[in-house]
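Following this message is one structure expressed as structure tokens.
The values are calculated or read from the model by the stated rules, or taken from the named source; none is laboratory data. Remember, it's a predicted structure, so these values are computed and weren't measured experimentally. Because the Cβ atoms are built from the backbone with ideal geometry, glycine has one as well, and the counts that use them run over all protein chains shown.
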Amino acid sequence: MKQNTTLKSTLRFIAIVQFVLGLSFLLAPQFTSRAMGLATAPEWTDWLFGMMAARFLGFGYGMLLAARNPWEGRHWIKVMIGIQAIDWSVTLVYLLRGSVSLMQVSTASFLPVIFVLILWLNYPRAGGKQPQVAA
């Protein structure tokens, strides 16, 4: 039971993070990037931020679906594990290049690792508690 509670809570927290980022980049892209300490970007980047925001919002929704029923949402969980692994890898690359600072990437320097560990360790696997499907 503890495992399921941890997974559901983590999925809801990830959803909140996705929604905050999505709404921030959709509604105020330049303000959001400046608040992160990034240099003012050309106006055309707002288009990319808007498309990125749509994906944040979509994945936030997916995390809420997965939190309602982790077994049925296991594909959303698997995709989020991949996203978080890519996020962390990209963050490390740009940190090592000196393109961004630790202050700018903030929680992206450690939250993806925590999310991947919690999601992987609590991933709904066959043999665990799952709904029985009649043949």
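Can we say V113 is over 30 Å from R125 (Cα atoms), at pLDDT 95 or above and β-branched (V, I, T)? Quick ask: steps written out before the conclusion?
Values: over 30 Å from R125 (Cα atoms): no; at pLDDT 95 or above: yes; β-branched (V, I, T): yes.
Taking the combined requirement at face value, the residue does not satisfy it.
Of the numbered conditions (1) in contact (Cβ under 8 Å) with a residue 60 or more places away in the chain; (2) in contact with a Phe, Trp or Tyr (Cβ under 9 Å, 6 or more places away or on another chain), M103 fails exactly one; give the number of that condition.
(2)
Let me ask something additional. Just give me the residues in region 108-125 being closer than 25 Å to M36 by Cβ and in contact (Cβ under 8 Å) with a residue 12 or more places away in the chain, in sequence order.
A108, S109, L111, P112, V113, F115, V116, I118, L119, listed by residue number.
Select from region 1-30 the residues that are more than 30 Å from A41 (Cα to Cα) and part of a helix (DSSP H, G or I) and list them in ascending order. First the steps, then the outcome.
Initially, region 1-30 is screened for residues more than 30 Å from A41 (Cα to Cα), giving 1-12.
Within region 1-30, K2, Q3, N4, T5, T6, L7, K8, S9, T10, L11, R12 qualify.
Here is a follow-up. Looking only at residues in region 82-101 that are touching a helix residue (DSSP H, G or I) at 6+ places or on another chain (Cβ under 7 Å) and within 19 Å of A35 (Cα to Cα), which one is surrounded by the most Cβ atoms within 10 Å (Cβ to Cβ)?
Ranking the qualifying residues of region 82-101, first place goes to T91.
So, in region 96-112, exactly how many residues are farther than 16 Å from I14 by Cβ and in contact with a Ser or Thr (Cβ under 7 Å, 6 or more places away or on another chain)?
Adding up the residues that qualify gives 3.
Considering every residue within region 80-99, establish whether at least one is under 30 Å from T6 (Cβ atoms), assigned to a loop (DSSP other than H, G, I, E, B) and at pLDDT 95 or above.
There is no residue in region 80-99 that is under 30 Å from T6 (Cβ atoms), assigned to a loop (DSSP other than H, G, I, E, B) and at pLDDT 95 or above.
Moving on. Please work out which one of (1) part of a helix (DSSP H, G or I); (2) under 30 Å from A126 (Cβ atoms) is the condition E72 fails and give its number.
(1)
Can you find, within region 20-33, the residue that is nearest to P112 (Cα to Cα) among those that are crowded, with 18+ Cβ neighbours inside 10 Å and not aliphatic (A, V, I, L, M)? Lay out the reasoning, then the answer.
The initial filter retains those residues of region 20-33 that are crowded, with 18+ Cβ neighbours inside 10 Å, namely 21-22, 24-26, 29, 32-33.
Filter again for not aliphatic (A, V, I, L, M), leaving 22, 24-25, 29, 32-33.
On the way: G22: 17, S24: 19, F25: 19, P29: 22, T32: 20, S33: 20 Å.
By that ranking, first place goes to G22.
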